[in-house]
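This report refers to the structure that appears directly beneath it.
The values are calculated or read from the model by the stated rules, or taken from the named source; none is laboratory data. Model, not experiment: these values are computed from the prediction. When we count neighbours, we look across all protein chains shown, and the Cβ atoms used for this are built from the backbone with ideal geometry, even at glycine. Areas reflect the complete protein model, heavy atoms only, side chains present, ligands, DNA and RNA absent. Shrake-Rupley method; radii C 1.70, N 1.55, O 1.52, S 1.80 Å.
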Amino acid sequence: MLVATGGENAALAAKAATTSEPIVFAIGGDPVQLGLVTSLGRPEGHLTGLAQHTGPLEGKRLGLLRADEVIQ
């Protein structure tokens, strides 16, 4: 098993290094967009891991901040 905890470049390098060894990654980006897995729900292949992909939540966070300002 390979463990790629050095971010996106480490995960991509591990994927390029082998097609059979299991790989566990930890990244900050979107693993689907990077081509590491086919989908978040069913990663398939030999890669899986933790992704702290929060980009789509930014609009929701901004809305919550605005709502909080209105309440106070």
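What to note about this one:
- Test for Glu8: is it among the charged types (D, E, K, R) and in contact with a strand residue (DSSP E or B) (Cβ under 6 Å, 6 or more places away or on another chain): yes
- The range 35-58 residues that are farther than 16 Å from Pro22 by Cα, paired with ones that are in a loop (DSSP other than H, G, I, E, B) and open to solvent by less than 80 Å² (accessible area, probe 1.4 Å) (beta carbon under 8 Å, 6 or more apart): Ala51/Gly28; Ala51/Gly29; Ala51/Asp30; Gln52/Gly28; His53/Gly28; His53/Gly29; His53/Asp30; Gly55/Asp30
- Every residue from the range 3-28 that is surrounded by 13 or more Cβ atoms within 10 Å (Cβ to Cβ) and either acidic (Asp, Glu) or in contact (Cβ under 8 Å) with a residue 60 or more places away in the chain (or both): Glu8
- For the range 37-53, the candidate set comprises residues that are under 9 Å from the mean Cα position of the chain (by Cα) and open to solvent by less than 90 Å² (accessible area, probe 1.4 Å); within that set, the residue that is farthest from Ala14 (Cα to Cα) is His53.
- When Leu12, Leu64 are checked against the criterion of being aliphatic (A, V, I, L, M) and at pLDDT below 95, a single residue qualifies: Leu64.
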